[in-house]
């Protein structure tokens, strides 16, 4: 297989141009994936700590509370589609693995599962709100 250096360079250029950390390209059986060095990922993790919603990150909850956090950077949606019933409401009982919301990233809808059984105590984000990696989304009790 011949390595297409020109194509790889174009993909790397697109990472910077579109401020991406990873890009995947496939044509037939050839699949190319480029990503920034791990330093870029460390920056994303530290950005999640310096969230614009500092009150939520710093607020101390009861010791038995569980925070379900965003697995990726994206846009949070509380329902499967506009106008549909929300995945969860405050007071709902949830099971481990149950979808509590969706985080959209690059036109891909990523279901966010509950990490534990519990009752929804708080929903910390609004529908359509941008979220960061590691940002708390829901508090369970």
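List the number of the failed condition for residue 115; all other conditions in (1) in contact with a strand residue (DSSP E or B) (Cβ under 6 Å, 6 or more places away or on another chain); (2) in a loop (DSSP other than H, G, I, E, B); (3) over 27 Å from residue 20 (Cβ atoms); (4) at pLDDT 90 or above hold. Among (1) in contact with a strand residue (DSSP E or B) (Cβ under 6 Å, 6 or more places away or on another chain); (2) in a loop (DSSP other than H, G, I, E, B); (3) over 27 Å from residue 20 (Cβ atoms); (4) at pLDDT 90 or above, the lone unmet condition for residue 115 is (4). Comparison of 73, 44, 100, 66 shows that the only residue that is at pLDDT 85 or above, farther than 19 Å from residue 140 by Cβ and surrounded by 15 or more Cβ atoms within 10 Å (Cβ to Cβ) is 73. Residue under question is residue 125, and the condition is that it be at pLDDT 90 or above and outside any strand (DSSP E or B); does it hold? So residue 125 fits the description; yes.
Among the residues that make up the stretch 19-35, is at least one of them under 23 Å from residue 130 (Cα atoms) and either exposed (fewer than 10 other Cβ atoms within 10 Å of the Cβ) or modelled with pLDDT of 90 or more (or both)? Yes: one or more hits. Residues in the stretch 76-95 that are over 18 Å from residue 122 (Cβ atoms) and either touching a strand residue (DSSP E or B) at 6+ places or on another chain (Cβ under 6 Å) or modelled with pLDDT of 90 or more (or both): 85, 95.
Looking across the stretch 120-140, just one residue is at positive phi and out of contact with any helix residue (DSSP H, G or I) (no Cβ under 9 Å at 6 or more places or on another chain), and that is 128.
The values are calculated or read from the model by the stated rules, or taken from the named source; none is laboratory data. A quick note: this is a predicted structure, and the numbers were derived from the prediction, not measured. Quick reminder, even Gly has a Cβ in these numbers, built from the backbone with ideal geometry, and neighbours come from all protein chains shown.
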